Structures are given as C-alpha cells and as structure tokens.
Amino acid sequence: MQWLRDMWTKEGPGIPKDAPAKTGLALFADILAREWWEMVKLNILFLLASLLVVTLPAALVAMARVSVALVEDRNTYLLRDFTEAFRRYFLRATAWGLAMAGGLAIGVHAIITYAAGARDNLILTAPLAIALVATAFLAVAACHLIVLMVMRDLSALRLLRLAALASLLRPLPALAALAFNAALWLTHILFYPVSVFMPATFNFSLGMFAVAFGVHRAAVMVLDLPPHRKPHAPNASQNN
C-alpha cells in the first residue's frame with residue numbers, strides 16, 4: 001500500500017533550476033502541465049471536506065493554501081498541507097465565508113430587483129449600475145481576501161483593508177480569474193453529459209488555482225507595503 005500513501009503525501013514536481021523564467025499565461029500553462037495530477041487529487045479532497053456544507057468555507061481556504069504554494073513553486077505535501085490549513089483556518093474561514101456570501105447575496109438580489117424595475121423606469125438604471133459595480137468589487141475583494149488570509153496571519157481589520165486595497169490596485173486579474181471560473185462551469189453545462197466528470201476531477205481546484213494565480217501579485221504588493229506608523233509622542237523636553 002506504499003504507492004497509495006505516496007500518491008497523497010509525496011512532494012509535487014518542481015521547476016528545474018536552469019529553466020528560463022516564465023510569466024503570464026505561459027507560466028499558468030506550465031504550472032498546470034506540471035501539477036495537473038495534484039489538482040485532480042486536490043479537487044477530490046475539497047469535495048470530501050465540503051460534504052457537510054458547513055465545512056465549505058474552510059475547504060475553500062485549505063484549497064487556496066495549496067494553490068498559493070503551487071503558484072509560488074513551494075514543496076507541497078497535499079494531504080498534510082490541506083488538512084493542516086483546514087483545521088487552522090476553520091473558524092476564520094467560516095466567519096468570512098458567511099460575511100462574503102451574505103454580501104454577495106444582497107448584491108445579486110439588488111441587481112435582479114433593479115434590473116426588473118429598470119425595464120419600466122429608466123431612473124433605476126443608476127442604482128442598477130451601482131449594484132453591479134459594488135457586487136463585482138465585493139467578488140474581487142473576496143478573491144484577494146482568501147489568498148491574503150493564507151499568505152499571512154493578519155487581524156480581521158487589516159485583512160479587509162489589504163483586500164480592498166489590492167482590489168483597487170489590480171482588479172482586472174481577479175476579474176479574469178472569475179471569468180475563467182465562469183467559463184469552466186459554462187463548458188460543463190454546454191457539453192453535459194460528456195462533461196459530467198468535470199466537477200469531480202478539476203473544476204473546483206482549477207478554478208481556485210486560477211484565482212490564486214490571478215491575485216497573487218496584488219497580494220504580494222500590498223503585503224510588502226510598510227505598515228502605517230503612528231506619530232511619535234513629543235519628548236518631555238519639548239513640552240517644557
């Protein structure tokens with residue numbers, strides 16, 4: 001049974017030291033070609049971990065933790081890294097998951113409501129546009145937040161601030177990652193039942209990898225920013 005244990009615990013393949021550096025879509029494709037089997041196993045782990053539904057946010061964050069490691073080309077021990085992240089981030093992931101899901105639900109409801117009303121009243125196109133932008137920004141911020149959460153231990157307020165800042169600095173890569181996810185599920189729907197095994201094999205893990213890959217640069221940028229410093233109190237000699 002050694003082969004079965006090794007399948008879940010051995011290191012993933014790395015990049016040769018003398019290989020030329022790749023960027024953009026070439027790097028995305030290169031990592032995908034190297035790590036596709038790890039992503040299949042990661043997808044299975046995610047499905048098993050989220051069977052109880054309430055564990056879905058923690059499973060998403062654990063999958064994000066592994067995905068960030070793949071983006072950064074760090075050694076990954078899939079089962080160990082996933083389970084450790086699942087336990088470590090369970091409470092935080094659940095709280096943030098409920099908050100983000102509630103915000104997105106409100107945004108989607110507002111879009112549907114204003115879109116229906118805008119057919120008869122053009123004045124409602126203004127709040128419709130606001131609802132669209134706000135919901136899109138919240139979705140982008142959620143992508144940055146989940147990646148920042150697994151990259152650095154931060155307070156809730158600082159995590160939210162950095163996620164918002166990253167979303168303002170580089171929103172397009174996150175939007176592209178969300179569009180990629182939408183395309184994955186649209187492909188599944190269009191080619192069903194031929195595509196029946198897509199969700200079970202790679203839809204979730206590939207989608208999360210796309211998010212991690214898309215927002216990683218912005219996350220590094222905001223984490224490298226110097227922390228806000230409070231002004232020093234005046235010396236006693238200056239007060240006299």
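Residue pairs whose Cβ atoms lie under 9 Å apart, separated by 6 or more positions or on different chains, with the first residue in the range 68-94 and free of Cβ contacts under 8 Å to residues at least 24 places away in the same chain and closer than 12 Å to Ala49 by Cβ and the second assigned to a helix (DSSP H, G or I) and open to solvent by 10 Å² or more (accessible area, probe 1.4 Å), are Thr83/Leu45; Thr83/Ala49. Taking the criterion of being aromatic (Phe, Trp, Tyr), farther than 20 Å from Ser50 by Cβ and touching a Phe, Trp or Tyr at 6+ places or on another chain (Cβ under 9 Å), the only residue of the range 171-220 that qualifies is Phe213.
For Ala131, the conditions (1) aliphatic (A, V, I, L, M); (2) touching a residue at least 40 places away in the same chain (Cβ under 8 Å); (3) surrounded by 13 or more Cβ atoms within 10 Å (Cβ to Cβ) are fulfilled apart from (2). With the condition kept exactly as written, say whether any residue in the range 89-102 is modelled with pLDDT of 95 or more, surrounded by fewer than 20 Cβ atoms within 10 Å (Cβ to Cβ) and more than 16 Å from the chain's Cα centre (by Cα). Taking every residue of the range 89-102 in turn, at least one turns out to be modelled with pLDDT of 95 or more, surrounded by fewer than 20 Cβ atoms within 10 Å (Cβ to Cβ) and more than 16 Å from the chain's Cα centre (by Cα).
Looking only at the range 77-90, decide whether some residue is in a helix (DSSP H, G or I), out of contact with any Leu (no Cβ under 6 Å at 6 or more places or on another chain), among the β-branched types (Val, Ile, Thr) and closer than 21 Å to Ala218 by Cα. If you could, list the steps in order and put the result at the bottom.
Step one: filter the range 77-90 for residues in a helix (DSSP H, G or I), giving 78-88, 90.
Checking which are out of contact with any Leu (no Cβ under 6 Å at 6 or more places or on another chain) leaves us with 78-81, 83-88, 90.
Those still in the list that are among the β-branched types (Val, Ile, Thr) too: 83.
Narrowing the set further to residues that are closer than 21 Å to Ala218 by Cα leaves none.
No: zero hits.
Is it the case that the range 155-167 has a residue that's over 26 Å from Ile111 (Cα atoms), among the aliphatic types (A, V, I, L, M) and open to solvent by less than 20 Å² (accessible area, probe 1.4 Å)? Yes, some residue in the range 155-167 is over 26 Å from Ile111 (Cα atoms), among the aliphatic types (A, V, I, L, M) and open to solvent by less than 20 Å² (accessible area, probe 1.4 Å). If you filter the range 36-65 down to residues that are under 20 Å from Val215 (Cα atoms) and without any contact (Cβ under 8 Å) to a residue 60 or more places away in the chain, you find that the one that is surrounded by the fewest Cβ atoms within 10 Å (Cβ to Cβ) is Ala58.
Table: residues versus (1) outside any helix (DSSP H, G or I); (2) touching a Phe, Trp or Tyr at 6+ places or on another chain (Cβ under 7 Å); (3) closer than 28 Å to Leu157 by Cβ.
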{"position": "Ala93", "(1), (2), (3)": "no, no, yes"}
{"position": "Met100", "(1), (2), (3)": "no, no, yes"}
{"position": "Asp120", "(1), (2), (3)": "yes, no, no"}
{"position": "Leu128", "(1), (2), (3)": "no, yes, no"}
{"position": "Ala136", "(1), (2), (3)": "no, no, yes"}
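The values are calculated or read from the model by the stated rules, or taken from the named source; none is laboratory data. Remember, predicted model here, so these are calculated numbers, not experimental data. Virtual Cβ from ideal backbone geometry, glycine too; neighbours counted across all protein chains shown. To get the accessible areas, we keep the full protein, side chains included, count just its heavy atoms, and leave off ligands, DNA and RNA. Shrake-Rupley method; radii C 1.70, N 1.55, O 1.52, S 1.80 Å.
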